[in-house]
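The values are calculated or read from the model by the stated rules, or taken from the named source; none is laboratory data. All figures in this text were calculated on a predicted structure; none of them were measured in a lab. Positions of Cβ are backbone-derived with ideal geometry, glycine not excepted, and every protein chain shown enters the neighbour counts. Ligands, DNA and RNA are excluded from the accessible area calculation, which covers all protein heavy atoms including side chains. Shrake-Rupley method; radii C 1.70, N 1.55, O 1.52, S 1.80 Å.
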Amino acid sequence: MDVRPYKVIFDTDPGVDDAMALYFALAHPGIEVIGITTTFGNVAVEQAASNALYLTRIAGVTIPVTQGIAAPLIIPAPIPPAHIHGADGLGNLPERLPVQGTLDPRSSAQFIVDMARAQPGEITLVAVGPLGNLSLALALEPQLPHLLREVILMGGTVQEPGNVSAVAEANIANDPHAAADVFAAPWKLTMVGLDVTHRVILPLTLFKEVADKQQHIATSTLHHAVSFYANFYSGRHPHVAQVHGCFGHDVLAFLYLVQPELFGLARGRIQVLTEGPLQGQTVLSGSDGVSQVCMQVDADACKQALEDALLSHWLD
Ligand code: BDR
Ligand code: CA
């Protein structure tokens, strides 16, 4: 039996749920994060890269971090949602420890291509922000779909209403043309969208318990960030307010990687509408094809898996 961890490049715009996802990945023995590529989205790309560096260094790990695409391919740049993630992306941290380390000088797209060429068939790309880095990487290396093991992305929605318009999810809406490139490429792709992420409500108490039992700058930073994020989601959705919590969004992409049995899938072709009032909508058609979409999820098991990982011995 193959028990090696999955090698992952994490493409991200940290972001509170991105930070949650990163720490789940670092804590989980079945995942080896071999690089973090950053994009604009929840914050400007410079802040995203700085946050990725900070989150890894305070957790005591040294992983290459690159700064990637700064704006959508075609549409105007969106205003970062400071009311959801904080102006700094991490719930407005009151202070930051000084940390060592510099960014890898390559662009995110070049890093993805270099790593995929060096380890063909080995790497899973987990993408949880707007998809410009992947689109640029495809342009640099058209064989990329055959060099990566698979792509798992948090984004889009099929039946669930959108979170930035009636039909569109934020990561896809923030760069619909890049998303269209990514969905059109012939890789094994799994979309983890709002159809499942809106079913998994994480109470803030989970993160408090982790911070209390594992006293560490990484867990207190995550707890602070999730407190801010939970205020936003609890203010917007009465059923989320009942547990004072938030949606897990990005962490579900990693949960699918390590525990796919927790998800129900639909298969087909995913198209992105790039123009007009439905811009950013992801449309699933057909019943076969290389793409699959998560449509059902065992929410309790996801919560338990997140809690188990964050409470394990992953921090010094
Ligand atoms: C997605 O948008 C971002 O704000 C979150 O980090 C997540 O990736 C949810 O729609
Ligand atoms: Ca994200």
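What does the highest-first list of 9-16, 70-77 look like by mean Cβ count within 10 Å? Show your work: numbers first, answer last.
Working: 9-16: 30.0, 70-77: 14.6.
In descending order of packing, they fall as 9-16, 70-77.
In region 127-272, what % of DSSP beta bridges are antiparallel (nearest 5)?
So the antiparallel bridges in region 127-272 amount to around 40 percent.
For region 133-287, with the dipole built from +1 on Lys and Arg beta-carbon atoms and -1 on Asp and Glu ones, taken about the Cα centre, which of Asn163, Phe183, Val200 lies farthest toward the positive end?
Farthest towards the positive pole: Val200.
Ranking request for peptides 126-133, 214-221, 236-243: highest mean number of other beta-carbon atoms within 10 Å first, then the rest in descending order.
Highest-to-lowest ranking by the protection proxy: 126-133, 214-221, 236-243.
Go through His313, Gly286, Val297 and say which Cα lies farthest out towards the positive end of the charge dipole of region 258-316; charges sit on Cβ, +1 for Lys and Arg, -1 for Asp and Glu.
Checked the options; the winner is Gly286.
Taking the Cα centre of region 185-316 as origin, work out the dipole magnitude from +1 charges on Lys and Arg Cβ and -1 charges on Asp and Glu Cβ, in debye rounded to 20.
Around 260 debye, computed over region 185-316.
Given +1 on the Cβ of Lys and Arg, -1 on the Cβ of Asp and Glu, and no further charges, what dipole in debye does the chain carry about its Cα centre, rounded to the nearest 20? Mind dumping the intermediate values first?
On the way: 15 positive and 30 negative charges, 10 e Å.
About 40 debye.
Which percent, to the nearest 5, of DSSP beta bridges fully inside region 6-310 are antiparallel?
Working: 13 of 42 bridges.
Roughly 30 percent of the DSSP beta bridges within region 6-310 come out antiparallel.
Only Lys, Arg, Asp and Glu count, each charged at its Cβ (+1, +1, -1, -1), so figure out the dipole size of region 1-138 about its Cα centre, rounded to 20 debye.
Charge dipole of region 1-138: 180 debye, to the nearest 20.
As a check on your grasp of the helix formula, calculate [θ] at 222 nm for the chain: sum -39500 (n - 2.57) over DSSP H runs of n ≥ 4, divide by the residue count, round to the nearest 500. Before the final figure, lay out each step's value.
On the way: 14 runs with 126 residues, N = 316.
Value at 222 nm, helices only, nearest 500: -11500 deg cm²/dmol.
Using 7 Å Cα-to-Cβ label points, what is the Gln242/Asp316 separation (nm, one decimal)?
Simple spin-label model gives 4.4 nm for this pair.
What helices does the chain hold that run 20 Å or longer along their axis, going by alpha-carbon atoms, with a Kyte-Doolittle average of -1.0 or more, using DSSP H for the helix calls?
217-236
Under 1.5 on a/c is rounded, so check that first for region 6-310, then, if it is not, pick prolate when a/b is larger than b/c and oblate when it is not; a ≥ b ≥ c are the square roots of the alpha carbon gyration tensor eigenvalues.
rounded
Quick check on region 95-140: take the gyration tensor over C-alpha atoms, sort the square-rooted eigenvalues as a ≥ b ≥ c, and tell me if it's rounded (a/c under 1.5), prolate or oblate.
The shape class here is prolate.
Considering only DSSP states other than H, G, I, E and B, which trypsin sites (Lys or Arg not before Pro) in region 111-217 qualify as loop sites with at most 15 other Cβ atoms within 10 Å?
Loop-located and lightly packed - Lys188.
Shape verdict for region 118-218, please, from the Cα gyration tensor: rounded (a/c under 1.5), prolate (a/b greater than b/c) or oblate. The partial results should precede the final answer.
Details: a/c = 2.53, a/b = 1.40, b/c = 1.82.
Oblate.
Using a 1.4 Å probe on the protein chains only, how many percent of the accessible area of region 6-310 belongs to carbon and sulfur? Don't skip to the end; give the middle numbers.
Working: 6120 of 11310 Å².
So the carbon and sulfur contribution to the accessible surface is 54 percent.
Given labels modelled 7 Å from the Cα in the Cβ direction, how far is it in nm from Gln296 to Ala82?
Taking the two extended label points, one gets 4.4 nm.
Just grab the label-to-label distance for Val164 and Gln143, each label 7 Å out from Cα along the Cβ direction, in nm (one decimal).
Going by the 7 Å Cα→Cβ label model, 3.4 nm.
Counting only heavy atoms of the protein chains, get the accessible area per residue of region 6-310 (1.4 Å probe) and round it to a whole Å² value.
Working: 11310 Å² over 305 residues.
Ligands and nucleic acids excluded, the figure is 37 Å² per residue.
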